[in-house]
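Shown next, in structure tokens, is the structure this report addresses.
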Amino acid sequence: MSPVMRTRRDGTVRPARHRAVQPLSVAWLLLVWLALWGDVTPFLIVGGVLCAVLVSVVFPLPPIDLGSRIHPLPLLGVVVRFAVDVVRASVQVAGVVLRRRPVRNAVVAVDLETESDFITTLVASMLSLIPGSVVVEVRRSTHTLYLHVLDTPDASAADAFRRTALDLEQRVLRALPPRAAEADRRAR
Amino acid sequence: MSWTAAADLAAAVCILLGAVLALLASIGVLRMPDLLSRMHAATKPQVLGTVLVMTGVALRLRDPGVVGLLALVVVLQMATTVVASHMVGRASFRSGQVRRDLLVVDELSDGPAHEEPRGAP
Amino acid sequence: MTWVLVAAGAMLAVAAALLLVRLTVGPTILDRSVALDVLVAVTVCATALHVAHTGVTYVLPVLVVLAGCGLVGPVSVARYASRSDDLEAGAPEKRRGGAR
């Protein structure tokens, strides 16, 4: 995910500034601006858009290509399931904290099916908040996540967790299917 | 019971639950045997505790201008906790400071050595 | 409502005290940074309780800043301190050796 490069007149190569102004980041900055003011008026919206464009130009970031289309209904399902999982995670950790038995852990490798960095990041962040796992290491070239799994008494529990993680990835992929895969499916 | 009293009751329940979760998180950070398990305690109950306390405060204040700010706090807390826990976990694993006797399976150390090209995240 | 806030505040105070113990005991700088991260979150919760008590909302942007900047500490510690002596001191086999 490298920034769009532009050769200037004197021969130096710099990231193109105008590409830094992206609608998504401007919308996000505008939301933050409105939240900070705690009010929505036309004047605030205009000021917020100006500020957002200024911030994007002064502090340019490489453009983020989602590389996937959005299916709203499965996405809602993912979000609801995620909320339930966060609550379950807290209960599980509370149980582990309060009992006397010493805890056994595992480090599990999960090979993700996806090729996209964005999906990998999303799945890794979600896995950090749902029961049992913290991401220890990410191997970007093979899209492998190494997860530290809490409270696994034996190897079969570790395998069960690997299936949970892959299920989560499948759900995310259904909600945000990559564009290329979609085109493949249509061509078939 | 008017709806303000109901909202106050819900706020009280949320705030109490959130405080209990924050307490559990700190007990976990104190009691867990090694750093990686401590991080579980530091990420999960703590995030849910923050969410609950913010919900409680929003229900108590009942001011639409404030909800945006509280939602922003929750989103930032979720995003930053994940990043911080990943960085700390990676640093601890790379420096070899892991209690191997607590691990049932360790596929990161047992797997074939793999050199990642420099600059990869 | 007041006694709820008092009870929640007391629990947060106990939590902060426990975190201070972990912050002092260590044994490595990474443990301390994790404890510090949770301590920031507890501070955010406590400030939110203050807001709920007084109804004064101009403190809320402080919460946003705290929640957003809480990661700077752990991330920079993890980034720059991964080869320091302090980490070696925390490894279990070396702690018992006492060769230092």
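The values are calculated or read from the model by the stated rules, or taken from the named source; none is laboratory data. Quick caveat: nothing in here was measured; it's all calculated off a predicted structure. Positions of Cβ are generated from backbone atoms using ideal geometry, with glycine treated the same way; all protein chains shown enter the neighbour counts.
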In region C:1-58, anything over 18 Å from B:LEU36 (Cα atoms), more than 7 Å from chain B (Cβ to nearest Cβ) and not in a helix (DSSP H, G or I) is listed as C:VAL56
Inspect region B:7-22 for any residue being of a type outside the set (A, V, I, L, M, F, W, C) and under 24 Å from C:ALA13 (Cα atoms) and give the result as yes or no. yes
Return only the number of the condition from (1) surrounded by 19 or more Cβ atoms within 10 Å (Cβ to Cβ); (2) more than 15 Å from B:VAL29 (Cβ to Cβ) that C:LEU19 does not satisfy. (2)
Quick one: count up the residues across region B:25-40 that are assigned to a helix (DSSP H, G or I), of a type outside the set (Lys, Arg) and without any contact (Cβ under 8 Å) to a residue 24 or more places away in the chain. 6
Matching entry among B:SER85, B:SER37 (being touching a Ser or Thr at 6+ places or on another chain (Cβ under 8 Å) and of a type in the set (Ser, Thr, Tyr)): B:SER85
When region B:17-57 is examined, which residues are found to be among the hydroxyl-bearing types (Ser, Thr, Tyr) and facing another protein chain (nearest Cβ under 7 Å)? B:SER26, B:SER37, B:THR43, B:THR50
State the number of residues belonging to region A:146-169 that are more than 9 Å from chain B (Cβ to nearest Cβ) and over 22 Å from A:SER90 (Cα atoms). 1
Scanning region B:72-99 for residues that are farther than 20 Å from B:ASP34 by Cβ, within 10 Å of chain A (Cβ to nearest Cβ) and free of Cβ contacts under 8 Å to residues at least 24 places away in the same chain gives B:LEU72, B:VAL73, B:VAL75, B:LEU76, B:ALA79, B:VAL83
Filter result (under 25 Å from A:PRO23 (Cβ atoms) and at pLDDT 80 or above) within region A:75-114: A:LEU75, A:LEU76, A:VAL78, A:VAL79
For B:LEU69, only one of the following conditions fails: (1) facing chain A (nearest Cβ under 8 Å); (2) free of Cβ contacts under 8 Å to residues at least 12 places away in the same chain; (3) under 25 Å from A:ARG88 (Cβ atoms). What is its number? (3)
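Matching residues to (1) surrounded by fewer than 24 Cβ atoms within 10 Å (Cβ to Cβ); (2) of a type in the set (Val, Ile, Thr); (3) more than 17 Å from C:VAL4 (Cβ to Cβ):
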residue	(1), (2), (3)
B:SER2	yes, no, yes
B:LEU9	yes, no, no
B:GLY18	no, no, no
B:GLY28	no, no, yes
B:SER37	no, no, yes
B:GLN46	no, no, yes
B:LEU59	yes, no, no
B:PRO64	yes, no, yes
